[in-house]
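What follows is calculated from the coordinates using simple rules that are stated; it is not laboratory data. None of these values were measured; they are calculated from a predicted model. Cβ atoms come from the backbone with ideal geometry, glycine included; neighbour counts cover every protein chain shown.
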Amino acid sequence: QVQLVESGGGLVQPGGSLRLSCLASGSAFRFDSMGWYRQAPGKQRELVATINTAYSTNYADSVKGRFTISRDNTKKMVYLQMNSLKPEDTAVYYCNRNPPTYALWGQGTQVTVSS
């Protein structure tokens, strides 16, 4: 059974950095295109970054140049390096396939950017 577990969130000051991790257990991970998503309070969930099986990446305009998505197929891990964080990056961050599989939404990891 496939399960995605996110970690690495926390409280950080504006301009700071965080690295999120996602472990994809029980899947043929290397065949999956993956993405990081986020949901801020009162807003719809949005796609932040994607990485496909050829390691090609795409980013939402709001995070381009600040966030970097990567993957390690041997460890079944997806990462999101977030630099120059802004208060508007505050949200719960989730990983999932791209496009997402409903049954794989996990608890996410909270990122709060505040002074």
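For Val5, the requirement of being among the aliphatic types (A, V, I, L, M), in contact (Cβ under 8 Å) with a residue 24 or more places away in the chain and in contact with a Leu (Cβ under 7 Å, 6 or more places away or on another chain) is met. Selection of region 18-47 for residues being of a type outside the set (Gly, Ala, Ser) and free of Cβ contacts under 8 Å to residues at least 60 places away in the same chain yields Leu23, Phe29, Arg30, Phe31, Trp36, Pro41, Lys43, Gln44, Arg45, Glu46, Leu47.
Of all residues in region 1-25, those that are within 14 Å of Lys75 (Cβ to Cβ) and over 15 Å from the mean Cα position of the chain (by Cα) total 1.
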